[in-house]
Amino acid sequence: MNSNTQYLFLAGPVGQLQVAIDEPAQGLTPVGVAVICHPHPLHGGTMQNKVVQTLARACTQKGWRSIRFNYRGVDQSEGTWDQGYGETDDALAVMDAFQQSDLPFALAGFSFGGHVAARATEARSQSAAHGNKCIDRLLLVGPATVNFAVPSVPEHTVVIHGEADEVVPLSGTMNWARPQNLPVIVVPGVGHFFHGQLPLLKSLAMRWWI
């Protein structure tokens, strides 16, 4: 994302996972940690996706450490596509590696990454009784509510969706959110990838999520 991005590998469920870490500006001590999940890997999704990078910048500007990673089989991460199941396990492995008990923890996901983030949140909440920390903040941007079974999410979840989303129709996300009484922030006239509106997305993330 910038010249100070730190790249490393950590042990995942089926091999090494490629990770990118961005720290708050000017060497400030992080006030929280956020893991961000990228879009569908079979459609070009990686941790370098522009929406994912925008969310990472929002984090670091607000003093959070941002963690991006590539799912299994993407770029230098080992393994193969696993229809969202293994990718959720990858997210949980990254969370386990970077979650700190003394700092707030946030999880975000864009598109298919929203599905992964929601599943990881569900898994983490179910294991909280065994010592794992729950997710303090969850952000879903254009979550893949039509093509994947996105589970229900905590009431504090922030959902941002483009009105003109051509990949995941807004109606699909509204149908998913309605039974949960979950508010959705709708960005007028914006498509799935927020072309030309990434600064606005960053502003919304900084205002409502971090």
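Here are a few things to note about the model shown:
- Filter pass, residue 51 being within 24 Å of residue 85 (Cβ to Cβ), at pLDDT 95 or above and not in a loop (DSSP other than H, G, I, E, B): yes
- Positions within the range 64-91 being out of contact with any Phe, Trp or Tyr (no Cβ under 7 Å at 6 or more places or on another chain) and within 22 Å of residue 137 (Cβ to Cβ), in sequence order: 64, 65, 66, 68, 69, 71, 88, 89, 91
- Residue check, residue 125 free of Cβ contacts under 8 Å to residues at least 60 places away in the same chain and either in contact with a Phe, Trp or Tyr (Cβ under 8 Å, 6 or more places away or on another chain) or within 30 Å of residue 27 (Cβ to Cβ) (or both): no
- Hits in the range 6-48 - residues which are of a type in the set (A, V, I, L, M) and part of a strand (DSSP E or B): 8, 10, 11, 17, 19, 20, 21, 33, 34, 35, 36
- Under the condition of being in contact with a strand residue (DSSP E or B) (Cβ under 8 Å, 6 or more places away or on another chain) and on the phi > 0 side of the Ramachandran plot, the residues counted in the range 2-19 number 0.
- Pairs with Cβ under 8 Å, 6+ apart, first in the range 17-39 and touching a residue at least 60 places away in the same chain (Cβ under 8 Å) and within 16 Å of residue 6 (Cβ to Cβ), second acidic (Asp, Glu) and open to solvent by 20 Å² or more (accessible area, probe 1.4 Å): 17/78; 30/23
- Residue 14 falls short of the stated requirement of being open to solvent by less than 70 Å² (accessible area, probe 1.4 Å), touching a residue at least 60 places away in the same chain (Cβ under 8 Å) and within 26 Å of residue 78 (Cβ to Cβ).
- Residue within the range 132-149 that is basic (Lys, Arg), open to solvent by less than 30 Å² (accessible area, probe 1.4 Å) and under 30 Å from residue 30 (Cα atoms) present: no
- Which listed residue is of a type in the set (Lys, Arg), open to solvent by 10 Å² or more (accessible area, probe 1.4 Å) and closer than 18 Å to residue 89 by Cβ, from 119, 207: 119
- Neighbours by Cβ (under 9 Å, 6+ apart or cross-chain): first from the range 60-80, over 13 Å from residue 10 (Cα atoms); second in a loop (DSSP other than H, G, I, E, B) and of a type in the set (Lys, Arg): 79/72; 80/72
- Filtered residues of the range 63-77 (kept if touching a strand residue (DSSP E or B) at 6+ places or on another chain (Cβ under 9 Å), crowded, with 16+ Cβ neighbours inside 10 Å and part of a loop (DSSP other than H, G, I, E, B)): 70, 71, 72, 74, 77
- Flag for residue 87 being surrounded by 23 or more Cβ atoms within 10 Å (Cβ to Cβ) and of a type in the set (D, E, K, R): yes
- Applying a threshold of 7 Å to beta carbon distances and a minimum spacing of six or more residues, or different chains, the list of pairs starting in the range 190-210 at a residue that is farther than 20 Å from residue 138 by Cβ and ending at one that is charged (D, E, K, R) and open to solvent by 50 Å² or more (accessible area, probe 1.4 Å) reads 190/163; 191/166; 198/50.
- Within the range 128-159, tally of residues that are in contact with a Phe, Trp or Tyr (Cβ under 8 Å, 6 or more places away or on another chain), closer than 20 Å to residue 210 by Cβ and of a type in the set (Val, Ile, Thr): 3
The values are calculated or read from the model by the stated rules, or taken from the named source; none is laboratory data. All values derive from a computational prediction rather than experimental measurement. Counting neighbours? That spans all protein chains shown, and the Cβs are built from the backbone with ideal geometry, glycine included. When the accessible area is computed, the model is the full protein with side chains, heavy atoms only, and any ligands, DNA or RNA have been set aside. Shrake-Rupley method; radii C 1.70, N 1.55, O 1.52, S 1.80 Å.
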